[in-house]
Structure formats: structure tokens, C-alpha cells
Amino acid sequence: MADVSTTTLMNYFPTKEALVFDLDDEMERSLVEAVTERAPDLSVLDSLRRHMRARVERAVSGRHADRFMKLVLDTPALRDHWYKIWLRHEQALANAIAAELDRPADDMACTALAHLVLDAFSLAVQSADPLRMIDTAFDIVDSGWPPANWAPTA
């Protein structure tokens, strides 16, 4: 055990929840890079789909990932904190999308896309079939809601 006082610890981590989530800057950077450093032949949406699929796979299948996400999702304070910090990336992602698509920084469609992409991840990590959920969410964003005669699959 480290010999660190609570005061010193709280200088680095302003809340108890922040002790659990220490990769916030890296997460935002990787989201923005998924847009700004994508292959030239890959659309913004396809690049974000690939990025989120990879992130979902890591979140649910890493060595300790299942336990970590279970802890987060089963603890209301951690779940709420995780969701808040996750959505903090919305503006940075929206700005990156707008810049890549040569749209104004305050473009509502870019903001909506950023929000939907982030929420797709939230849905996926809570789903019984995370990869299928992320693909379903991106299919809806990419193609729109299915036609009236569409029937869901089990």
C-alpha cells in the first residue's frame, strides 16, 4: 500500500469517482483522432463506428474489463460520473466532425452526431450483445430509422 495522505491523494483526484476514471484526456484524444486521423477513403461515420467497436470490445472483453464495467454500471455514483465524463467529450468530438466536414463549429447536425455516437457506446456496454448494439445504433445513424414495414429481429 502506498504511504499517501488523503489530502495529497485528493489534490490529484478531486472526487472519489475520479480515482476510478483516470484516462479522460486519452479518451477524448482518441475520439478526436478517430475523426481527424482516419484513412482518406474512410468516412467520418465509418471511422467512428470502427473506433467505437474497438472501444466496446476493450470495455467488455479485456482482462479486467468485465469487472470494471460491472462495478461502474452497478454503482449509481460511478455510473452517473462515468456518463457525465463520457458526454463531456461531446463538444470536442462535434468540433472535430465539423472541422473535417467543413461545417460551422456550431453546426447542430455535428453536435447531434457526436452525442449519438457517445450514447451508442453507453448503450452497447450495457447490452447483452455489445457489438450488435453498437452496429445497430450506427446503422440507424447511417441509414435512418427503418421503414414502417420493418420488423425487429430477435
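The values are calculated or read from the model by the stated rules, or taken from the named source; none is laboratory data. Just so we're clear, the structure is a prediction, and the values are computed from it rather than from any experiment. Reconstructed Cβ throughout: ideal geometry from the backbone, glycine too, with neighbour counts over all protein chains shown. These accessible areas exclude ligands, DNA and RNA; they are computed on the full protein's heavy atoms, side chains included. Shrake-Rupley method; radii C 1.70, N 1.55, O 1.52, S 1.80 Å.
Quick look at the values:
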{"read-out": "Selected residue (only one of Ala128, Ala109, Ala151 is closer than 29 Å to Arg67 by Cβ and among the small types (Gly, Ala, Ser))", "value": "Ala128"}
{"read-out": "Test: residue in the stretch 109-126 that is touching a helix residue (DSSP H, G or I) at 6+ places or on another chain (Cβ under 8 Å), acidic (Asp, Glu), open to solvent by 60 Å² or more (accessible area, probe 1.4 Å) and at pLDDT 90 or above", "value": "no"}
{"read-out": "Extreme residue, farthest from Thr136 (Cα to Cα), among residues of the stretch 42-84 that are surrounded by 15 or more Cβ atoms within 10 Å (Cβ to Cβ) and among the β-branched types (Val, Ile, Thr)", "value": "Val72"}
{"read-out": "Qualifying residue in the stretch 90-108 (condition: part of a loop (DSSP other than H, G, I, E, B) and under 21 Å from Glu57 (Cα atoms))", "value": "no"}
{"read-out": "So Ile140, is it part of a helix (DSSP H, G or I) and open to solvent by less than 40 Å² (accessible area, probe 1.4 Å)", "value": "no"}
{"read-out": "Condition check for Asp107: without any contact (Cβ under 8 Å) to a residue 60 or more places away in the chain and within 21 Å of Met52 (Cα to Cα)", "value": "no"}
{"read-out": "All positions within the stretch 127-137 that are open to solvent by 90 Å² or more (accessible area, probe 1.4 Å) and either modelled with pLDDT of 95 or more or assigned to a helix (DSSP H, G or I) (or both)", "value": "Arg132"}
{"read-out": "Residue pairs meeting the criteria (Cβ under 8 Å; at least 6 apart or on separate chains; first farther than 18 Å from Thr111 by Cβ, in the stretch 25-44; second hydroxyl-bearing (Ser, Thr, Tyr) and at pLDDT 95 or above)", "value": "Arg38/Ser47; Ala39/Ser47"}
